[in-house]
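One structure is given here, and the rest of the page talks about it.
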Amino acid sequence: MSRYWVILWAFIGLLGQAQNTPSDNAALLKLLLNRFYAQEKPIVKNRLQLLYFYRDKAPNTLELWDGCRNHPILQSQLEAIKKQVQTARPPETWEAEFSILFAKEHHYLKQKVQQPVTLAQFEKNTQRYGENNQRMMIVNQPIYLDQGYCLIKVGFYRTIEHNSGSFFLFQKKGDTWQIVDEFNRWET
């Protein structure tokens, strides 16, 4: 009988992780892309792309947990955040989410974002143009929490210093994700 209780509790514990689906990730990614690509121009013939998107989901580090310690909503979720950060996950890319997001709509946004790139591709492009105004948006793996919350770190990398980033807290209300807070902004 106790074996069934263990299985039941394990299943309940995984419910917070069950939201981590490509469609939820695509909805979160859409919010971030709309926010950061709002001022970018669509990429058409002979126009230089200034903001690139990093193809891989960057792994989370304990820096994320440390940055959430003083957040009023996340203080009760610190152990869940730490556990997810310390859990080894296989490398993932944003390709599935991109295919969902741009399959039937958002073509104007796709003209701005273009194809996600690797670090090597980004560095090759910046060297080719010789400009210092290009940057790459890096979005970490989402951390899904209780009560419909999700935490994502977003960073911007440039080949010359001036890197920046912040943490985003999302909440799912009904079927819609919303940005609740942007916090711990940093720049180098």
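For the stretch 141-158, the tally of residues that are in contact (Cβ under 8 Å) with a residue 60 or more places away in the chain, in a loop (DSSP other than H, G, I, E, B) and surrounded by fewer than 18 Cβ atoms within 10 Å (Cβ to Cβ) stands at 0. Candidates are the residues of the stretch 128-140 that are in contact (Cβ under 8 Å) with a residue 24 or more places away in the chain and open to solvent by 10 Å² or more (accessible area, probe 1.4 Å); the one that is nearest to the chain's Cα centre (by Cα) is Asn140.
Criterion applied to Glu161, Glu105 was being modelled with pLDDT under 95, assigned to a loop (DSSP other than H, G, I, E, B), under 22 Å from Ala38 (Cα atoms) and over 16 Å from the mean Cα position of the chain (by Cα), and the one residue passing it is Glu105. Checked against the criterion of being within 25 Å of Thr159 (Cα to Cα), out of contact with any Cys (no Cβ under 6 Å at 6 or more places or on another chain) and either modelled with pLDDT of 90 or more or open to solvent by less than 20 Å² (accessible area, probe 1.4 Å) (or both), the stretch 69-84 contains not a single residue that satisfies it.
Looking at the stretch 95-102, can you tell me whether even one residue there is within 18 Å of the chain's Cα centre (by Cα) and in a loop (DSSP other than H, G, I, E, B)? Taking every residue of the stretch 95-102 in turn, at least one turns out to be within 18 Å of the chain's Cα centre (by Cα) and in a loop (DSSP other than H, G, I, E, B).
Taken together, the residues in the stretch 164-186 that are out of contact with any Phe, Trp or Tyr (no Cβ under 9 Å at 6 or more places or on another chain) and either under 20 Å from Asn125 (Cα atoms) or not in a loop (DSSP other than H, G, I, E, B) (or both) amount to 3.
Can you find even one residue in the stretch 170-188 that is at pLDDT below 95, in contact with a strand residue (DSSP E or B) (Cβ under 7 Å, 6 or more places away or on another chain) and on the phi > 0 side of the Ramachandran plot? Yes: one or more hits.
Scanning the stretch 122-140 for residues that are outside any strand (DSSP E or B) and touching a strand residue (DSSP E or B) at 6+ places or on another chain (Cβ under 8 Å) yields a count of 3. Within the stretch 177-188, which residues are open to solvent by 30 Å² or more (accessible area, probe 1.4 Å) and either within 23 Å of Gln84 (Cβ to Cβ) or touching an Asp or Glu at 6+ places or on another chain (Cβ under 8 Å) (or both)? If the condition is that a residue be open to solvent by 30 Å² or more (accessible area, probe 1.4 Å) and either within 23 Å of Gln84 (Cβ to Cβ) or touching an Asp or Glu at 6+ places or on another chain (Cβ under 8 Å) (or both), then Gln178, Ile179, Val180, Asp181, Glu182, Asn184, Arg185, Trp186, Thr188 are the ones that fit. Being at pLDDT 90 or above and either within 13 Å of the chain's Cα centre (by Cα) or surrounded by fewer than 19 Cβ atoms within 10 Å (Cβ to Cβ) (or both) is the filter here; which residues of the stretch 117-127 pass it? Answer for the stretch 117-127, where residues must be at pLDDT 90 or above and either within 13 Å of the chain's Cα centre (by Cα) or surrounded by fewer than 19 Cβ atoms within 10 Å (Cβ to Cβ) (or both): Val117, Thr118, Leu119, Ala120, Gln121, Glu123, Lys124.
Inside the stretch 58-79, can you point out the residues that are among the small types (Gly, Ala, Ser) and within 10 Å of Leu151 (Cβ to Cβ)? The one that is among the small types (Gly, Ala, Ser) and within 10 Å of Leu151 (Cβ to Cβ): Gly67. Residue selection: Pro59 fails the criterion of being under 27 Å from Phe183 (Cα atoms), surrounded by 15 or more Cβ atoms within 10 Å (Cβ to Cβ) and either in contact (Cβ under 8 Å) with a residue 40 or more places away in the chain or among the basic types (Lys, Arg) (or both).
The values are calculated or read from the model by the stated rules, or taken from the named source; none is laboratory data. As the structure is a computational prediction, the values presented were derived from the model and not from experiment. A quick note on method: Cβ atoms are made from the backbone with ideal geometry, for glycine too, and the neighbour counts reach across all protein chains shown. Just the protein is used for accessible areas: all its heavy atoms, side chains included, with ligands, DNA and RNA removed. Shrake-Rupley method; radii C 1.70, N 1.55, O 1.52, S 1.80 Å.
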